[in-house]
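Quick notes on the structure that follows.
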Amino acid sequence: MITLYSNGLTSVWHILGVGAIGMRWARKLKLAGEPVTLILRDEAKLREFVSAGSGIRYLSHVGEEFIPFPATSLNDPALRIENLLLCTKSYSLAAAYEAVVQKVVAGANLVLLCNGYGVQQRLGADASAFRVWAASTTSGANSAAPFHLTLAGDGRTELGPLNNLAKESVHPLLNLPRHTKSADIEATLWRKVAVNACINPITALYELKNGEVLNHPNAYERMESVAAEIEELAIALDKPLFETSLLKVAEDVCRTTAENLSSMLQDRQNRRASEIEHITGALLELASETNLTLPHNRQLLHEIRAIEAETLSPSDIGGK
Ligand SMILES: NC(=O)c1ccc[n+]([C@@H]2O[C@H](COP(=O)([O-])OP(=O)(O)OC[C@H]3O[C@@H](n4cnc5c(N)ncnc54)[C@H](OP(=O)(O)O)[C@@H]3O)[C@@H](O)[C@H]2O)c1
């Protein structure tokens, strides 16, 4: 059902970035009764989607369910967007935004679901004609093949405004289950990137499940050093992290997600670019404003870059 809100926008959502997390939100919105249209990057991808039956295959422990969706491509001249979920990786966000911006009406809601740090805030500042929001989620999703979705944990999603126009507006998506307003989305993104920087590169480098880091002497020792450096950075930048230590929080995440493969490890295994530049790289960029050099984080960045340089073609390496 299409609802018309007091700000003149309807409840129709478009999703750009039809990967794991984009499909998860497409399903969530559909279950909540919201109209959703998927946007594929070009005609070839749209044809692939149509050949797959014009929908996504959702695989769960009870079996397989086919969920149909209307879809279009970025080339559609009639495309007009009032609410947009941008679900690309952090290194594709700016290009995806540039590719779609002409189709977005002034005042539209843009919700950014990517991980990483910095890229969201930059887009929030650049896209001042729109209400730009960041969403940070502990829910997960995987996609073993195009338009195939499996869920990985049903966590919480926090949402908050990234620019002035959004700050004066009603939060979108709060009708979805386990979606709440973030009291301070900037702090939420900061804490998330700090935890990701402790876990992701180490799991990818040593090829460990999250829980295995705790029992691997080298990996655990490196997580300790990385976390200590990020704590120092947080103090230098006056950006507080957690009431307890970052190491303790990272350990808890490793424990509660013990069987999970981090996204960076999955990227390594699937020979895809990781988001290292927008996680560890983003912290190093922030450190350049201080007198800290974060040597353990820097070493990890170099090691992951070296793996990607060996396994990916130069054009596939993310965020460079
Ligand atoms: N998956 C999770 O559990 C999870 C959880 C929390 C947060 N996140 C964050 O969510 C973001 C997305 O993750 P993901 O796992 O969903 O990644 P993903 O499966 O790789 O999906 C990204 C999608 O974006 C598409 N895309 C990239 N550039 C595009 C463009 N210019 N136009 C149209 N489509 C474009 C890609 O299409 P192509 O395949 O055609 O390149 C791909 O389908 C990441 O920042 C991740 O850290 C993920």
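Assorted remarks:
- The stretch 80-97, residues that are surrounded by fewer than 24 Cβ atoms within 10 Å (Cβ to Cβ) and assigned to a loop (DSSP other than H, G, I, E, B): Arg80, Thr88, Lys89
- Tally of residues being on the phi < 0 side of the Ramachandran plot, within 14 Å of the ligand (Cβ to nearest atom) and under 15 Å from the mean Cα position of the chain (by Cα) across the stretch 116-150: 14
- Any hit, the stretch 270-284, residues being over 15 Å from the mean Cα position of the chain (by Cα), modelled with pLDDT of 95 or more and either among the hydrophobic types (A, V, I, L, M, F, W, C) or outside the structural domain of Leu301 (by TED's automatic domain parsing) (or both): yes
- Filtered by the rule that a residue be out of contact with any strand residue (DSSP E or B) (no Cβ under 9 Å at 6 or more places or on another chain) and not in a helix (DSSP H, G or I), the stretch 116-153 gives Gly116, Tyr117, Gly118, Ser128, Pro146.
- Each residue in the stretch 260-281 was checked for being within 13 Å of the ligand (Cβ to nearest atom), outside any loop (DSSP other than H, G, I, E, B) and crowded, with 20+ Cβ neighbours inside 10 Å, and 7 of them qualify.
- Among residues of the stretch 31-47 that are more than 15 Å from Leu16 (Cα to Cα), those with a Cβ under 7 angstrom from a residue that is assigned to a strand (DSSP E or B), sequence gap 6+ or separate chain, pair up as Glu34/Trp13.
- Any hit, the stretch 82-98, residues being within 15 Å of the ligand (Cβ to nearest atom), farther than 28 Å from Met264 by Cα and assigned by TED's automatic domain parsing to the domain that holds Ala135: no
- Residues being on the phi > 0 side of the Ramachandran plot and surrounded by 13 or more Cβ atoms within 10 Å (Cβ to Cβ) are entirely absent from the stretch 98-105.
The values are calculated or read from the model by the stated rules, or taken from the named source; none is laboratory data. Nothing here was measured: the structure is a model prediction, and the numbers come from that model. With ideal geometry, Cβ positions are generated from the backbone for all residues, glycine too; neighbour counts draw on all protein chains shown.
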